[in-house]
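The values are calculated or read from the model by the stated rules, or taken from the named source; none is laboratory data. Quantities reported herein were computed from a predicted structural model and do not represent experimental measurements. Note that we place each Cβ from the backbone using ideal geometry, even for glycine, and neighbour counts take in every protein chain shown. Quick note on the areas: whole protein, heavy atoms, side chains included, nothing else; ligands and nucleic acids left out. Shrake-Rupley method; radii C 1.70, N 1.55, O 1.52, S 1.80 Å.
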2 protein chains.
Amino acid sequence: MTGRLTVVGLGPAGTEFATPAAMKALAEATDVVGYATYVDRVPLAGPHQRRHASDNRVELERATMALELAAEGRQVVVVSGGDPGVFAMAAAVFEAMEVGDAAWRALDVRVEPGVTAMLAAAALAGAPLGGDFCAISLSDNLKSWTTIERRLEAAARGDFVIAIYNPASKARPEQLGRAFEFLRQHKPADTVVLFAHAAGDKNASLKIFDLATADYKQADMRTLIIVGSSQTRLLARESQRPWVYTSRSERGPAS
Amino acid sequence: MTGRLTVVGLGPAGTEFATPAAMKALAEATDVVGYATYVDRVPLAGPHQRRHASDNRVELERATMALELAAEGRQVVVVSGGDPGVFAMAAAVFEAMEVGDAAWRALDVRVEPGVTAMLAAAALAGAPLGGDFCAISLSDNLKSWTTIERRLEAAARGDFVIAIYNPASKARPEQLGRAFEFLRQHKPADTVVLFAHAAGDKNASLKIFDLATADYKQADMRTLIIVGSSQTRLLARESQRPWVYTSRSERGPAS
């Protein structure tokens, strides 16, 4: 087999944050496979390049198709937003490989890292991920809500900054509200909470709440939530929203 | 003031993973400030561009100098490896701003996200960050070892995949060993442990251990450690090291 499968992430928006390594893989691809939103962001490399755009909810089918194409000798790129290894397509490709044709394990498979959404959201706000942090997806398609609460509780107990991916969708409009209710039992009411919408995009926006008043209804599929630790601080500015950052030191800034 | 300060991350190695947005900021900079290792990676934009390379341990002095230069009207870029918001320079810039000249808060400050080390390490291995995960720095320069153990325990309790930054340095050769000893009390002996060295670089290497036998002495400053969750799996391959990935589902792959 001479095919290759490369799993790439485009970064948070457009291709302004895509790495040269990811763009090179896309330029060499004979086949680009992915959720339509991401496939549409990729510049067409030429008339020979085939596009395989699919719906959002079919990760395993998409991964299987990509492996099949690579096994036929094609140069396949599976495209995600952000980083392909963070709540995106890379794990789905290895799951499909594990349960699929044993010959797929001999394929030339590569993963190209990218800028994941929480990093773009943090950059928009300042440096809220400046201390230890964790990332939790609120989607309970593949894990139980009990597991999600167990992780939120552990994150609170460890005083981690918490990045929340997939906070809401049409099928799950209430889960961020449940998560906030749960976190209010485990973290101070004045904990900083950020809603970063479309971070990295031209029309990016940021809202700053505290945990007591954070309004889950203002989040959608393109929102990334960051819940601060005890060291997350606001830095007031005249006529502009404050910077938000997490002090690297337990003794406060500049100690 | 017409100066600007942009904090950028170059990604894990060279500039192959640097974003176009970060490279644009560097091309426009009159002053590039940073740890010498990172400053040396940046192509010189022209004879007008000044370099301010410094030692690794002086983040706040470096941040203060960058703010002073921007206040003088210079176009300053503070350069980090990886992502500037993850155990890097962005938080130091805001700390310096908080305790420094009030006029600095009116400066045009931006943060450009980048590919942080754990994403490159994960890509090298497969998709070990495929589930919920956390990132912990083992450096106790700015926080106590008690806090580090509290976070390791919480991470184990929450069954997070754990990315460990700054696992060892010449001044702290034993701390990764202490962290493994501690984790052995809280996680199964067969938990997958990865040592990714110089991930993203041409001479990158990966070692796969289990928690029982992970040898902390094989880590150095350029190593990123990933400790798996209960869902982190090895996918055997003929004549090659196994892929490592974390199943997105609690019910195992492809369920």
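Here are the numbers for the structure shown:
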| read-out | value |
| --- | --- |
| Built amide H within the under 5 Å cut-off of B:D215, gap 5+ | none |
| In degrees, nearest ten, helix A:59-71 long axis to first principal axis of chain A (Cα) | 30 degrees |
| Between helix B:145-157 and chain B: long-axis angle, C-alpha atoms, 0 to 90°, nearest 10 | 50 degrees |
| Accessible area in the full protein assembly, largest first, 1.4 Å probe, for B:K143, B:K170, B:K24 | B:K170, B:K24, B:K143 |
| Whether segment B:156-242 is rounded, prolate or oblate, judged on the alpha carbon gyration tensor where a/c under 1.5 counts as rounded | oblate |
| Helix A:89-99 vs. chain A, principal-axis angle (Cα, 0 to 90°, nearest 10) | 50 degrees |
| Electrostatic dipole magnitude of segment B:204-245 [Cβ: Lys, Arg +1; Asp, Glu -1; Cα centre; debye, to 20] | 100 debye |
| Loss of accessible area when A meets B, both sides summed, Å² nearest 100, probe 1.4 Å | 6600 Å² |
| Chain A, rotation onto B, residue closest to that axis via Cβ, with its distance in Å | A:C134, 2 |
| Carbon plus sulfur fraction of accessible area for segment A:139-186, probe 1.4 Å, in percent | 45 percent |
| Gyration tensor (alpha-carbon) shape descriptor, the protein assembly as shown, a/c threshold 1.5 | rounded |
| Global geometry of segment A:135-202, whether rounded, prolate or oblate, following the gyration tensor of its Cα atoms and the 1.5 cut on a/c | oblate |
| Top of B:Q218, B:Q175, B:Q75 by mean-square fluctuation, Gaussian network on chain B, Cα under 10 Å | B:Q218 |
| Reachable lysines from B:K217, criterion Cα separation under 22 angstrom, eight or more residues apart if same chain | B:K170, B:K187, B:K207 |
| Estimated [θ] at 222 nm from DSSP helical runs (n ≥ 4, -39500 (n - 2.57)) normalised by residues in the protein assembly as shown, nearest 500 | -8000 deg cm²/dmol |
| Equivalent ellipsoid, segment A:1-119 (semi-axes from 5 times Cα gyration tensor eigenvalues, Å) | 20, 16, 12 |
| Cβ charges +1 (Lys, Arg) and -1 (Asp, Glu), total dipole of segment B:14-90, debye | 120 debye |
| Restricting segment A:123-220 to GluC sites (Glu not before Pro) in coil, as DSSP defines it, with at most 13 other Cβ within 10 Å | A:E174 |
| Accessible area, probe 1.4 Å, largest first, for residues B:R151, A:R233 | A:R233, B:R151 |
| Order of exposure, largest accessible area first, which applies to B:H48, B:H197 with probe 1.4 Å | B:H48, B:H197 |
| 7 Å along Cα→Cβ, label-point gaps from B:G73 to other copies, nm, shortest first | 6.5 |
| Cβ charges +1 (Lys, Arg) and -1 (Asp, Glu), total dipole of segment B:171-241, debye | 120 debye |
